[in-house]
Amino acid sequence: MTLGAAAPSRQVTEAAWDLAVEDLVETVRAFIRIPSINPPSPEAPDAETRMARHLATLLDAAGLEAEIVEPVPGRGSVHARLHGDGTGGEPLLLLSHLDVVPAPADRWSHDPFAADLVDGYIFGRGAVDMKAMIAMELGVVRMLASEARAEGLDPARDPIPGLRRDILFTVTADEEAGGVAGAKWFAEHRPEWLRAAGALNECGGVSATIGGRRFYPIQVAEKGFAAYRIAVRGSWGHGSMPREDNAAVLAASVIERLAVPGPTRVTPVMARALELAAAELPAAAGEVLRALSGDDPGRAEAALSVACDPMYARAVRALLRDTISPDVVHAGFKYNVIPGDAVVEVDCRVLPGTTEPAMRAELVERLGPELAAACEIELIVFGGPVESPAEGPLFDLLVATIRDHDPEGIPLPVMAPFATDAKFTDALGIPTYGFSPLRLDPDERFLDRFHGIDERVSVDALRWGLPVLYDVVRGFCG
């Protein structure tokens, strides 16, 4: 599949793209300035709904009819529909989430909710995850609506010129806390907001320069998640007389045993990704990637540390095993009181094929009989892994469009180590792909920006990504 001069974006004037990018940048900044933090703070319990209302105002101004739904007060999501002529099949879903994680400001170089524009970068919580993608999707939607209005049509009711499928634009709350008040609710109660022939979601289509080659991982799968609360029982006592069953000490043993990386298991998606990447890299680096799915993955992992940027090595390791990350610890209340109780909360990410009972059994095995006897393991939440086919009309179009806009780029299907709202579209049988196209500076630490300090997105990356997304939407729906 090739686009070339026929690509829809090339029918748009350069001046029009300049205006669209200027508007996109200011839209991203406006979104960041709405601190739609999840979990909601007492000071701003309705921040997600305020974000939804702002987005709805922009959609209404474009001539569309936006609908806001709050399954829980203050947790608003927004939806709009553009119409095709009905001859092309089921719609395309543009899916994103409007909530962000908290951002402790003391370690940031810029106010995380000021959306400062410095040296070509927009700084702020949500710049990467994922208000830039909302703004890009909105930018495409507004361009299509404008094209309809230019021909005297009502974009809320009339078919958009050139579209054969409808487009669903759905922006949900609560993704960062499992989606119960967002995509999960809509899958169960308003599936018409989601049901489509295919969906574009967050995280994929972002360039990664490795070994001098520019790769564009397209997310076709994601690991599942299992969060557990481990209650550790010890004995209370006086701090002047240390004892082995100090619950804080036992909790430290829990953390130490669970933090050790487990064995590798290469899934078909990752085997294909590693082989495709290895074929494009210099020989030495390629051999390291091939060895990861060979008979001696331990040796290969050691080589990975030397041959690969630590940021990418960390991601690859996470994609080759079930992972356990102890992230929350509570123990004690006074320096001279030995705690009799402690709590450790762990975040487990599971590969396709790993069930929740299997993950729980792994925890018990890691702890060992004696330590496990002092622990009570409670499941907090579980979401299974998901996978969409790395072939077919939508996936093939994503690959072709990347190559059209970056002939030196190398698209490849990958799995994400984290979970997204794709788990709910997958339950409805909707092939869902992580595709928020950005071409990054080779030195940009993109993976470190997720939930990190000084989260940011570059204006140049947005300028490249907007016409890519436009071409995908027009190409699939036209």
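The values are calculated or read from the model by the stated rules, or taken from the named source; none is laboratory data. These numbers come from a predicted model, not from an experiment. Don't worry about glycine lacking a Cβ; one is built from the backbone with ideal geometry, like all the others, and counts go over all protein chains shown. Quick note on the areas: whole protein, heavy atoms, side chains included, nothing else; ligands and nucleic acids left out. Shrake-Rupley method; radii C 1.70, N 1.55, O 1.52, S 1.80 Å.
Results, tabulated for the structure shown:
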quantity: Residue within region 31-45 that is out of contact with any Asp or Glu (no Cβ under 8 Å at 6 or more places or on another chain), in a helix (DSSP H, G or I) and under 19 Å from Ala181 (Cβ atoms) present; calculated: no
quantity: Residues within region 192-223 that are surrounded by fewer than 21 Cβ atoms within 10 Å (Cβ to Cβ), on the phi < 0 side of the Ramachandran plot and not in a strand (DSSP E or B), tallied; calculated: 3
quantity: Per-region count, region 404-436, residues more than 24 Å from Pro191 (Cβ to Cβ) and either more than 17 Å from the chain's Cα centre (by Cα) or outside any loop (DSSP other than H, G, I, E, B) (or both); calculated: 12
quantity: Residues that are surrounded by fewer than 18 Cβ atoms within 10 Å (Cβ to Cβ), of a type in the set (D, E, K, R) and under 17 Å from Ala273 (Cα atoms), drawn from region 377-402; calculated: Glu391, Asp396
quantity: Checking Arg149 against (1) open to solvent by less than 60 Å² (accessible area, probe 1.4 Å); (2) in contact with a Pro (Cβ under 8 Å, 6 or more places away or on another chain), the condition it does not meet; calculated: (1)
quantity: So Arg456, is it of a type in the set (Lys, Arg), touching a Ser or Thr at 6+ places or on another chain (Cβ under 8 Å) and buried (at least 21 other Cβ atoms within 10 Å of the Cβ); calculated: no
quantity: Hits in region 32-74 (condition: under 24 Å from Ile160 (Cβ atoms) and not aliphatic (A, V, I, L, M)); calculated: His54, Thr57, Asp60, Gly63, Glu65, Glu67
quantity: Subset of region 245-285 [within 24 Å of Gly211 (Cβ to Cβ) and among the basic types (Lys, Arg)]; calculated: Arg272
quantity: Residues being open to solvent by 30 Å² or more (accessible area, probe 1.4 Å) and without any contact (Cβ under 8 Å) to a residue 60 or more places away in the chain - total across region 43-58; calculated: 7
quantity: Single unsatisfied condition, Arg29 versus (1) under 23 Å from the mean Cα position of the chain (by Cα); (2) open to solvent by less than 20 Å² (accessible area, probe 1.4 Å); calculated: (2)
quantity: Test: residue in region 433-443 that is of a type in the set (S, T, N, Q) and either surrounded by fewer than 21 Cβ atoms within 10 Å (Cβ to Cβ) or within 22 Å of Gly262 (Cα to Cα) (or both); calculated: no
quantity: Whichever residue in region 345-376 is open to solvent by less than 30 Å² (accessible area, probe 1.4 Å) and β-branched (Val, Ile, Thr) and, among such residues, is farthest from Tyr216 (Cα to Cα); calculated: Val346
quantity: Any chance Leu397 is assigned to a helix (DSSP H, G or I) and in contact with a Leu (Cβ under 8 Å, 6 or more places away or on another chain); calculated: no
quantity: Count of residues meeting criterion [in a loop (DSSP other than H, G, I, E, B) and closer than 23 Å to Arg403 by Cβ] in region 437-463; calculated: 6
quantity: Matching residues in region 363-382 - criterion: being out of contact with any strand residue (DSSP E or B) (no Cβ under 6 Å at 6 or more places or on another chain) and of a type in the set (Val, Ile, Thr); calculated: Val364
quantity: Filter result for Pro91 (touching a residue at least 12 places away in the same chain (Cβ under 8 Å) and either buried (at least 20 other Cβ atoms within 10 Å of the Cβ) or under 22 Å from Ala199 (Cα atoms) (or both)); calculated: yes
quantity: Pairs, first touching a residue at least 60 places away in the same chain (Cβ under 8 Å) in region 404-417, second open to solvent by 10 Å² or more (accessible area, probe 1.4 Å) and of a type in the set (Asp, Glu), C-beta under 7 Å, six or more apart; calculated: Ile410/Glu280
